[in-house]
Amino acid sequence: MSELLAESPLVVSIALGVLSAALIYGWLQTGKKPLAIIGLVLAVCVPLAWVIAENWVTDRERIEQLIHEVADAVEANDHPRALSVIGDESTRRQAAGELPQWEFSQADVGNIRSIRVIENTLPVQAEVEMTVKVTVSSKRGSIQNISVPRRLNLTFEKRGLDSSDHGGWVVTGYRHFQIVGNADGFTSGPIQ
């Protein structure tokens with residue numbers, strides 16, 4: 001329910017508005033004041049739902065923000081900033097080995113197909129499936145400004161709030177591969 005309120009204020013507002021209108025209509029038909037009072041209280045809750053949704057950042061929203069921040073860092077070829085969200089040493093080494101081989105002129109987040117927060121794990125984990133589109137040139141010069149769509153699977157782990165301002169979320173595994181089909185020559189290793 002809290003996710004619905006924080007991430008879908010339109011749905012909550014419509015439900016509150018319909019219920020409020022029904023109660024006020026019931027008051028107009030019956031003359032019972034409690035219906036009018038409850039209907040007005042619910043009507044006042046509609047803008048309150050929007051204020052709550054605007055100020056409450058859920059884990060899924062924070063992960064999505066983090067994904068866009070990393071895409072901006074990759075596009076700017078700011079490897080230290082892009083690597084700062086990786087909380088697993090072997091995954092960081094993997095990314096540190098891949099990123100410097102390329103010069104990025106574009107890194108766009110395409111479709112985030114799913115962000116699934118797994119609540120019953122300790123620490124809390126999340127799995128993300130998404131598509132990205134990058135335009136890259138190899139540092140060796142053999143590839144110049146090639147646009148590449150990739151499917152990307154990420155594993156996140158929540159490690160508590162820290163000074164890195166990632167909302168406590170860090171990447172503990174990733175795998176990128178072609179949009180359709182199995183692994184290709186650029187596919188990264190398995191997700192840990």
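The values are calculated or read from the model by the stated rules, or taken from the named source; none is laboratory data. Given the structure is predicted, the values throughout are model-derived calculations rather than measurements. Heads up, the Cβs are rebuilt from the backbone with ideal geometry, glycines too, and the neighbour counts pull from every protein chain shown. SASA here: full protein model, heavy atoms, side chains in, ligands and nucleic acids out. Shrake-Rupley method; radii C 1.70, N 1.55, O 1.52, S 1.80 Å.
When the distances between all Cα atoms of segment 1-55 are binned every 10 Å from zero, what whole-number percent does each bin get? All Cα pairs considered, the percentages come to 28, 44, 22, 6. Using the average count of surrounding beta-carbon atoms within 10 Å as a protection proxy, the listed peptides 92-101, 27-36, 59-68 rank, highest first, as 59-68, 92-101, 27-36. Helix 59-75 versus the longest principal axis of the chain: what is the Cα-based angle in degrees, 0 to 90, to the nearest 10? For 59-75 against the chain, the angle is about 30 degrees. Kirkwood hydrodynamic radius computed over the chain comes to 19.4 Å, based on all pairs of distinct alpha carbons. Taking the charge dipole of segment 7-109 about its Cα centre, with +1 at Lys and Arg Cβ atoms and -1 at Asp and Glu Cβ atoms, the residue from GLN94, ILE37, ALA49 reaching farthest to the positive side is ILE37.
Only protein heavy atoms count here; under a 1.4 Å probe, TYR174 has an accessible surface of about 20 Å².
Helical runs assigned H by DSSP (4 residues or longer) give the chain a calculated mean residue ellipticity at 222 nm of -14000 deg cm²/dmol, each run adding -39500 (n - 2.57) before division by the residue total. Helix 9-30 and the longest principal axis of the C-alpha atoms of the chain enclose an angle of approximately 10°.
The accessible surface of the chain, taken with every protein chain in place and a 1.4 Å probe, is 60 percent carbon and sulfur. Quick one: plug the Kirkwood hydrodynamic radius of segment 72-163 (C-alpha pairs) into Stokes-Einstein at 20 °C, 1.002 mPa s, and report D in µm²/s. Roughly 147 µm²/s, to the nearest whole number.
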